[in-house]
Amino acid sequence: MPPAQGSATIGKRPQFGLAAVLWLGAAAAGPTAAQPWTVTVNAGAGQVLDSGGGAEGGVEMVFAPFWLGIAPAIGGTVSDYGSSYAYLGFRRDFPVGGRVSITPFTGVGVHHGGDGIDLGGSLQFRSGLELAVGVGARQRLSLSLYHLSNAGLQRPNPGTESLIVGYSFTVDGGSPAGRP
């Protein structure tokens with residue numbers, strides 16, 4: 001589907017170039033051998049509050065918390081409509097008893113619409129909430145709901161929501177996944 005006239009979309013090559021720069025920058029600032037980090041693999045449904053949603057999947061790496069329990073994250077998603085999103089963000093786990101935690105998260109990244117919904121441009125902001133339960137010493141299962149939009153910086157700005165299930169595991173020692 002061609003972009004709406006007057007929309008501020010960027011060609012495919014610059015979008016993926018910027019996404020690669022985001023990924024490489026986060027990898028260069030990645031964990032040292034002494035710091036734990038977590039990998040999450042997820043799958044779910046996009047556009048859950050809109051009609052015409054599809055399947056999506058993704059991967060996220062969360063590095064060791066650096067200040068007040070806030071941890072940097074880098075990730076990406078793809079959908080069956082050909083859309084993709086690469087992002088940098090932050091998250092903070094809040095234990096709510098035993099092995100359960102609630103985690104608010106936010107981030108900014110580059111979106112390529114594919115044949116999916118026109119979000120008004122490539123710069124998109126992501127925010128959401130995750131509910132997780134530990135299922136092993138360094139593993140957890142989670143359910144997340146997040147919102148993706150351009151925050152009104154471009155038109156249109158329909159925004160969209162995704163509901164995803166994730167499996168996380170801690171790498172490089174450290175505390176169990178889901179523990180601050």
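The values are calculated or read from the model by the stated rules, or taken from the named source; none is laboratory data. Since the model is a prediction, treat every value here as computed from it, not as a measurement. As a convention, Cβ positions derive from the backbone with ideal geometry for all residues, glycine included, and neighbour counts pool all protein chains shown.
What to note about this one:
- Unmet requirement for Ala45, which otherwise passes all of (1) more than 18 Å from Leu148 (Cβ to Cβ); (2) at pLDDT 50 or above: (1)
- Val165 being closer than 16 Å to Trp37 by Cβ, out of contact with any helix residue (DSSP H, G or I) (no Cβ under 7 Å at 6 or more places or on another chain) and touching a residue at least 24 places away in the same chain (Cβ under 8 Å): no
- Taken as a whole, the structure places Arg138 among residues that are of a type in the set (D, E, K, R) and without any contact (Cβ under 8 Å) to a residue 60 or more places away in the chain.
- Taking the listed residues Gln154, Gln124, the one that is over 16 Å from the mean Cα position of the chain (by Cα), within 25 Å of Gln47 (Cα to Cα) and not aromatic (Phe, Trp, Tyr) is Gln154, with no other qualifying.
- Just so you know, in region 63-83 the residues that are on the phi < 0 side of the Ramachandran plot and touching a residue at least 60 places away in the same chain (Cβ under 8 Å) include one that is surrounded by the fewest Cβ atoms within 10 Å (Cβ to Cβ), and it is Ala64.
- For region 124-162, the tally of residues that are modelled with pLDDT under 95, among the hydrophobic types (A, V, I, L, M, F, W, C) and closer than 20 Å to Gly58 by Cβ stands at 2.
- Test: Leu88 is among the hydrophobic types (A, V, I, L, M, F, W, C), under 25 Å from Gly152 (Cβ atoms) and at pLDDT below 90: no
- Count - residues of region 65-102 that are closer than 18 Å to Ala43 by Cβ, in contact with a Lys or Arg (Cβ under 8 Å, 6 or more places away or on another chain) and of a type in the set (Val, Ile, Thr): 0
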